[in-house]
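Asks: Take this structure first; my questions come after.
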Amino acid sequence: MKKLLLLFIVLILNNIQAQEVKTLTYFQNDTLKLDLDLYLPKKKAGDKIPLIMFAFGGGFSGGERTSEKDFGKFMAQNGYAVASISYSLYMKGKDFGCKGTLTEKIKAIQIGVSDMWQATSFLIENADKYNLDTSKIFISGISAGAEIGFHASFWDYKLMNLYKNNLPENFKYKGFIGGSGAIQDINLITKDKAIPMLLAHGSNDDTVPYSAGSHRSCPTNASGWLILFGSYAVYNQMKDLHKDIELITFCGGGHEFSGYLFHEGQQYVLNFANDVLNGKKFESHLIEPSKKGKSSCGYLFCE
């Protein structure tokens, strides 16, 4: 009985160690303070820890960095650090939809991306303190956070960054994990710039287009009309470039699947990250039926 009790205590202590969370301020000036929550696995002597940067969703007007605690804990238990960041909610009190202003919508993305770059820079500068491997930094996000992830991966850092240029020269994220995200220009994804990706998206998403389409399904005469290239368009681009890509399509599904990879699909993320770090090559398209039973919108693979 005593041995079982001792074993139980050891398991609890190991679990606590595997879920260590540190709240750190990565940026502060006279008007703005931005924090991140760093989920750290149990330390192993001499081993550097791969890192996953994460941005929450919420249309650049809401959301919390604490919303995906379970994801941070799961990855930490499996040897990965996760940094869930706060970022500037530029669209708070503004319209990020069809009646909004196009330049303001783009600025919101640019500010969020600059915050992500700043958070990444902060952790690179403090990598030794937290035993992080700066050559193994992934980026991830849900919805608006996935839009941050896409653009942080492929925008010209020196041109688009709103802070000082302090990322290492020729820095690239190790891979991208995106839930229902999109990028403004598919041509930014080139053979030289491409990084491995794991994407999930509903084929009937009317908030963020699954393929090429307008954000929030806005008509062309709307002041907030913005064309975006979603997960399926990116998947085809990556296939054409012969680069590593995994896509999970929820046929007939909408934007409700934006958080799938970070909730029910956490094992997909772990397998993806492990495959990337092990140098495995891959290209796959997993097709899942939606429980809502909507039409397939003309995609033959959904029939």
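Asks: Could you please give the count of residues in segment 197-216 that are over 23 Å from Asn271 (Cα atoms) and either in contact (Cβ under 8 Å) with a residue 24 or more places away in the chain or not hydroxyl-bearing (Ser, Thr, Tyr) (or both)?
Replies: Selection size over segment 197-216: 12.
Asks: Let me ask something additional. Kindly indicate whether any position in segment 163-180 is open to solvent by 10 Å² or more (accessible area, probe 1.4 Å) and within 10 Å of the chain's Cα centre (by Cα).
Replies: Checked segment 163-180: no residue is open to solvent by 10 Å² or more (accessible area, probe 1.4 Å) and within 10 Å of the chain's Cα centre (by Cα).
Asks: Please find, among Trp225, Trp155, the residue that is among the hydrophobic types (A, V, I, L, M, F, W, C), closer than 23 Å to Ser84 by Cβ and out of contact with any helix residue (DSSP H, G or I) (no Cβ under 6 Å at 6 or more places or on another chain).
Replies: Trp155
Asks: Exactly one of (1) surrounded by fewer than 21 Cβ atoms within 10 Å (Cβ to Cβ); (2) touching a residue at least 40 places away in the same chain (Cβ under 8 Å); (3) outside any helix (DSSP H, G or I) is unmet by Lys239. Its number?
Replies: If we test Lys239 against (1) surrounded by fewer than 21 Cβ atoms within 10 Å (Cβ to Cβ); (2) touching a residue at least 40 places away in the same chain (Cβ under 8 Å); (3) outside any helix (DSSP H, G or I), just (3) comes out false.
Asks: It is to be established whether one or more residues within segment 37-50 are among the hydrophobic types (A, V, I, L, M, F, W, C) and closer than 24 Å to Glu104 by Cβ.
Replies: No: zero hits.
Asks: Do the conditions hold for Leu261, that is, is it part of a helix (DSSP H, G or I), out of contact with any Ser or Thr (no Cβ under 9 Å at 6 or more places or on another chain) and either among the hydrophobic types (A, V, I, L, M, F, W, C) or under 26 Å from Ala119 (Cα atoms) (or both)?
Replies: Here the answer is no, as Leu261 does not meet what is asked.
Asks: Only one of (1) open to solvent by 10 Å² or more (accessible area, probe 1.4 Å); (2) part of a loop (DSSP other than H, G, I, E, B); (3) farther than 28 Å from Lys69 by Cα fails for Asp205. Which number is that?
Replies: Against the list (1) open to solvent by 10 Å² or more (accessible area, probe 1.4 Å); (2) part of a loop (DSSP other than H, G, I, E, B); (3) farther than 28 Å from Lys69 by Cα, Asp205 comes up short only on (3).
So that you can scan it fast, the table gives a plain yes or no per residue for (1) of a type in the set (A, V, I, L, M, F, W, C); (2) closer than 18 Å to Asn274 by Cα; (3) at pLDDT below 95; (4) open to solvent by 10 Å² or more (accessible area, probe 1.4 Å):
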{"position": "Leu13", "(1), (2), (3), (4)": "yes, no, yes, yes"}
{"position": "Glu20", "(1), (2), (3), (4)": "no, no, yes, yes"}
{"position": "Leu51", "(1), (2), (3), (4)": "yes, yes, no, no"}
{"position": "Ser67", "(1), (2), (3), (4)": "no, no, yes, yes"}
{"position": "Gly72", "(1), (2), (3), (4)": "no, yes, no, no"}
{"position": "Ala76", "(1), (2), (3), (4)": "yes, yes, no, no"}
{"position": "Ser86", "(1), (2), (3), (4)": "no, no, no, yes"}
{"position": "Tyr90", "(1), (2), (3), (4)": "no, no, no, yes"}
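Asks: Could you please tell me which pairs satisfy a Cβ distance under 9 Å, a separation of 6+ or placement on different chains, a first residue in segment 11-32 that is more than 23 Å from Ile49 (Cα to Cα), and a second residue that is modelled with pLDDT under 90?
Replies: none
Asks: How many of the residues making up segment 261-283 are farther than 17 Å from Tyr173 by Cα and open to solvent by less than 50 Å² (accessible area, probe 1.4 Å)?
Replies: Of the residues in that region, 5 qualify.
To keep it simple, each residue is scored yes or no on (1) modelled with pLDDT of 95 or more; (2) in contact with a Leu (Cβ under 8 Å, 6 or more places away or on another chain).
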residue: Leu226; (1), (2): yes, yes
residue: Gly265; (1), (2): yes, no
residue: Asn271; (1), (2): yes, no
residue: Glu303; (1), (2): no, no
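Asks: Looking only at segment 217-227, how many residues end up being buried (at least 19 other Cβ atoms within 10 Å of the Cβ) and free of Cβ contacts under 8 Å to residues at least 60 places away in the same chain?
Replies: Qualifying residue count, segment 217-227: 0.
Asks: I'm checking my understanding of the structure. Among residues of segment 242-260 that are of a type outside the set (A, V, I, L, M, F, W, C) and within 29 Å of Lys94 (Cα to Cα), which one is most open to solvent (accessible area, probe 1.4 Å)?
Replies: For segment 242-260, the residue satisfying everything is Glu256.
The values are calculated or read from the model by the stated rules, or taken from the named source; none is laboratory data. The structure presented is a predicted model; accordingly, all values stated were derived computationally and were not measured. Cβ coordinates were reconstructed from backbone atoms using ideal geometry, including for glycine residues, and neighbour counts include every protein chain displayed. Ligands, DNA and RNA are excluded from the accessible area calculation, which covers all protein heavy atoms including side chains. Shrake-Rupley method; radii C 1.70, N 1.55, O 1.52, S 1.80 Å.
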